[in-house]
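Asker: One structure, as structure tokens, below. Some questions next.
Each value in this text was obtained by applying a stated rule to the coordinates, not by laboratory testing. Quantities reported herein were computed from a predicted structural model and do not represent experimental measurements. As a convention, Cβ positions derive from the backbone with ideal geometry for all residues, glycine included, and neighbour counts pool all protein chains shown.
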Amino acid sequence: MSANTPQPIGSSTAAADISQQQATFTAKGANPHLIKTIENFSVRPRWLFVRIETEGGVVGWGEATLEGHTEAVQGSLRDIARRLKGWDAMNIEDIYTYLYRHRFYRGGEVLMSAISGIDIALWDIKGKILGVPVWQLLGGKVRENCPVYGWIGGDRPSDVLEQAKVRKAQGFTRVKMNATESIGWLDSPHALDETVKRLAEVKSIGLDAGLDFHGRVHKPLAKQLVKLLEPHRPLFVEEPLLPGHPNEMKDLYNKTSIPIALGERLFTREDVRPYFELGCIDIIQPDIAHAGGISETKKIATMAEAYDIGVAPHCPLGPVAFAASLQIGFSTPNFVVCEMSWKMHYNVGADLFTYMTNPDVFAVKNGAIDLLMAPGLGVEINEELIRKEAAEASKLEPWINPLFRGDDGSVREW
């Protein structure tokens, strides 16, 4: 090991020295919490799990899913695995700081998703070692359950009323659906009529509904659509404009009383800062598998509270990301609701409970999920099935998002 190799806190820069913290951790001089292995597993439907094992045999699970970019994240994870072997898994903040700050290039969806998978697994390990759920490590609980919502309508929304009835029977009180199908930059105003109709249908059976514009709707139509929706009082509108337009979002914000939510394509406190400072959103939606894991998501949530902004984690993902998001919810005063991917339209070949051995912990009761009590993340993962599925999935093409084109052949926002 060279003298310039990054070391955990407590190490000198001399190549021959070993961290005093690590060398004297136990009577025998061995630290059971050192990172032994880091593996990743790509599985159906489109998820990327991370497994970290310590020298003492404690296993933590993380999720680094980045829909449509699996191979890029796997490349980053291989690099991280090489760098972190031998580091103390208990020093989460030190590891996060190194991974984010030390490597000069930082941020972006690929690097942050890789960091997220590592970070979530480290919190799982720490909770298991200390024998407490992660929410205890984040300051303790502030609520007994977390409200959740399920999806209806699919990528091209249809049959929403029947699907809403099913969700209501499953215990949900809130749902979300895509606001529009593929839509032009300046489309016919009649293209918005079905959106209003669908919202009215869902609300007619007593459910609240959020509408995901998905960044598909550009400014000329977005301001029309929020005005049309306002009498029907959606729970929120999500990504009514593409990220990167905070000033335009502020203009839209000033035109409507509907709560505005966004954040799945913002990955750090630096990314969300302009939206907070402009006062142009009501709800921030960090995705724990993209936004630096539990460490950064909790910091974004705390920052949001200072601006009276609610936190609603984006999570159309697997059980590990969902459990991690709930840990944030249980310990965060300004948490409002969490997305849940159970029986979501993207879940082809596997669903939220497929890789779990304790799916009962995610039971939806009166629109919410009760406090997770087991140490760590609170989910038990079927490792044998994941390894088997990853071997099969490696023979398949990775998931990619649909391609939307207009009548003229031009690419539209998905």
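Asker: In angstroms, what radius of gyration and Dmax does the stretch 289-414 have, counting Cα atoms only?
Answerer: So, for the stretch 289-414, Rg and Dmax equal 17.3, 55 Å respectively.
Asker: At q = 0.10, 0.16, 0.17 Å⁻¹, what is the log10 ratio I(q)/I(0) for the stretch 191-343, with the Debye formula run over Cα points and no solvent?
Answerer: With no solvent term, the Cα-only Debye profile gives -0.34, -0.87, -0.97.
Asker: Per the helix-only calculation at 222 nm, which mean residue ellipticity applies to the chain, given -39500 (n - 2.57) for every DSSP H run of n ≥ 4 and division by its residues, nearest 500 deg cm²/dmol?
Answerer: The per-residue figure over the chain is -10000 deg cm²/dmol.
Asker: Something else now. Normalised by the number of residues in the stretch 133-192, what is the relative contact order in percent for Cα pairs under 8 Å and 6+ residues apart? Write down the numbers at each step before the final one.
Answerer: Numbers: 45 pairs, mean separation 19.8, N = 60.
Reported as a whole number, the value is 33 percent.
Asker: Another question, if that's okay. Which of the listed residues, Gly210, Ala179, Thr195, is farthest toward the dipole's positive end in the stretch 124-239, when Lys, Arg count +1 and Asp, Glu count -1 at the beta-carbon?
Answerer: Gly210
Asker: Shifting gears a bit: Let me understand the chain better: what is its radius of gyration from the alpha carbons, and its Dmax, in angstrom?
Answerer: So, for the chain, Rg and Dmax equal 21.8, 74 Å respectively.
Asker: Gap in Å between the Cα centre of the stretch 88-130 and the Cα centre of the stretch 37-56?
Answerer: 14 Å
Asker: Looking only at trypsin sites (Lys or Arg not before Pro) in DSSP loops with at most 10 other Cβ atoms within 10 Å, what is the longest site-free stretch of the chain?
Answerer: Values: sites that count: Lys28, Lys395.
Looking at the chain, 29-394 is the longest stretch - no exposed trypsin sites (Lys or Arg not before Pro) with at most 10 other Cβ atoms within 10 Å.
Asker: Rounded to whole Å, give me the distance from the Cα center of the stretch 213-276 to that of the stretch 326-379.
Answerer: Cα centroid of the stretch 213-276 versus Cα centroid of the stretch 326-379: 26 Å apart.
Asker: For the stretch 221-298, what relative contact order do you get, as a whole percent, if you take Cα pairs closer than 8 Å and at least 6 residues apart?
Answerer: Details: 96 pairs, mean separation 22.7, N = 78.
Result for the stretch 221-298 is 29 percent.
Asker: OK, next. With contacts defined as alpha carbon pairs under 8 Å and 6 or more residues apart, what's the relative contact order of the chain in percent?
Answerer: Over the chain, the number comes to 19 percent.
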